[in-house]
1. Could you work out the mean count of beta carbons from other protein chains within 10 Å of each residue's beta carbon in B:76-88?
2. Sort shortest first the distances from A:Pro4 to its counterpart in every other copy, using label points 7 Å along the Cα-to-beta-carbon line, and give them in nm.
3. Of the options A:Ala42, A:Ala54, A:Trp31, report the single residue whose Cα projects farthest towards the positive end of the charge dipole of the stretch A:5-65 (beta-carbon charges: Lys, Arg +1; Asp, Glu -1).
4. Per 0.36 nm of contour for each residue apart, how much would the distance between B:Arg126 and B:Ala54 grow if the chain were fully extended, relative to their Cα-Cα spacing?
5. What is the distance in Å between the Cα centroid of the stretch A:34-51 and that of the stretch A:101-125?
6. Can you list the lysines whose alpha carbon is less than 19 Å from that of A:Lys150, not counting same-chain residues fewer than 8 positions off?
7. Whole-Hz ³J(HN,Hα) for each residue in the stretch B:137-154, computed from phi via Karplus 6.51 cos²θ - 1.76 cosθ + 1.60 with θ = phi - 60°, x for glycine and proline: what do you get?
8. Per the 1.4 Å probe, what fraction of the accessible area of the protein assembly as shown, in percent, lies on carbon and sulfur atoms?
Protein chains: 2
Amino acid sequence: MSDPLHHFVEEFALAYEMAGIPRTAGRILGWLMVCDPPEQTASQLVEALGASKASISTMTRLLVQMHLIERVPKRGSRQDHFRIRPGTWSERVKSGLAGLSVYKTLADRGLRLLENAPPERGERLREMRELYAFFEEELQGLFERYERRKRKRKG
Amino acid sequence: MSDPLHHFVEEFALAYEMAGIPRTAGRILGWLMVCDPPEQTASQLVEALGASKASISTMTRLLVQMHLIERVPKRGSRQDHFRIRPGTWSERVKSGLAGLSVYKTLADRGLRLLENAPPERGERLREMRELYAFFEEELQGLFERYERRKRKRKG
DNA sequence: CTTTTTGTTCAGTATTGACTAAACAAACCA
DNA sequence: TGGTTTGTTTAGTCAATACTGAACAAAAAG
């Protein structure tokens with residue numbers, strides 16, 4: 001496919017593959033970002049992306065579970081329709097950043113193990129903990145600011 | 001190994017495996033965060049983690065390339081010594097967040113393809129673009145604030 | 001120069017996971 | 001009821017990769 005749109009979809013998929021999302025799932029995402037109309041049936045995806053029915057079925061389910069896309073009911077048609085979930089990217093960034101707290105917890109757990117060791121031994125973990133704590137807190141505020149700005153633009 | 005420290009190392013490795021870092025590499029990281037002394041030879045790592053020489057060699061090289069650990073020269077010993085690279089976690093978060101700009105670029109590229117299409121078709125990409133642009137800008141400031149705070153505490 | 005220590009590279013294994021085709025199931029239409 | 005359309009599940013393939021043991025290379029110590 002030398003179609004520039006499909007080339008874009010491929011780039012899109014590649015970018016999200018680095019984030020641990022399977023190639024085909026990434027292609028679905030990319031396609032749903034630019035297709036017309038924005039809701040697509042499973043067979044349309046099969047056609048547009050040249051993947052197997054099975055793969056589309058599996059990957060759409062995965063993407064729905066990840067809250068990246070959603071099934072949208074369509075009266076008059078018994079086929080499944082999919083579209084990008086509104087606000088998806090915002091939530092994705094949000095939960096991605098929220099995932100930083102895992103590392104804070106991790107550092108905490110390590111520090112508890114070193115309670116009885118000489119303090120300088122915990123230095124490495126303390127620095128790590130401090131970093132993630134800072135961002136956990138600040139990113140909260142950053143998001144609120146973003147949401148507010150967005151609401152202002154729309155309303 | 002029921003040693004709580006090794007259990008911690010295992011958790012550490014597991015957490016970083018989710019981020020795409022091989023298990024053994026994650027174990028090295030975890031161990032170097034809590035070990036005493038903080039610099040360890042390759043053979044000490046082999047001993048502590050129960051991995052093969054080959055694996056340790058490969059994974060330390062990987063971690064050095066990723067700037068997560070560093071080789072530290074040790075006079076009087078011809079063995080390699082490794083330690084957590086000071087400021088590693090800060091840089092890791094930083095470059096992780098900087099990676100968000102990839103997605104902004106991606107959205108831009110898609111929008112250019114839709115220049116001649118009806119404007120509403122670019123809506124999905126515009127929202128994505130706006131989001132990542134916002135964070136790219138704001139996170140810059142956030143980091144500066146963190147660095148400043150850190151310097152203040154130390155100095 | 002030989003031996004020992006240390007680290008890297010290579011070959012082979014095992015595991016994981018993305019993908020497809022084909023069998024299956026379920027819902028609609030004749 | 002039988003046939004068609006649509007989606008899921010299963011079985012098996014293919015590729016990638018993390019890991020090990022063994023061969024290899026390099027450097028120091030004897």
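The values are calculated or read from the model by the stated rules, or taken from the named source; none is laboratory data. Since we're looking at a predicted model, the values are computed, not measured. With ideal geometry, Cβ positions are generated from the backbone for all residues, glycine too; neighbour counts draw on all protein chains shown. When the accessible area is computed, the model is the full protein with side chains, heavy atoms only, and any ligands, DNA or RNA have been set aside. Shrake-Rupley method; radii C 1.70, N 1.55, O 1.52, S 1.80 Å.
1. On the way: counts 0, 0, 0, 0, 0, 0, 0, 1, 4, 0, 2, 2, 4.
That average works out to 1.
2. Relative to the other copies, A:Pro4 has label-point distances of 6.2 nm.
3. Going by the Cα projections, it comes out as A:Ala54.
4. In short, 21.1 nm is gained.
5. 49 Å
6. Straight-line reach from A:Lys150, under 19 Å: A:Lys94, B:Lys104.
7. Taking θ as phi minus 60°, the curve returns 6, 5, 5, 3, x, 4, 5, 4, 4, 5, 4, 5, 4, 5, 5, 4, 5, 6 Hz for the stretch B:137-154.
8. 50 percent
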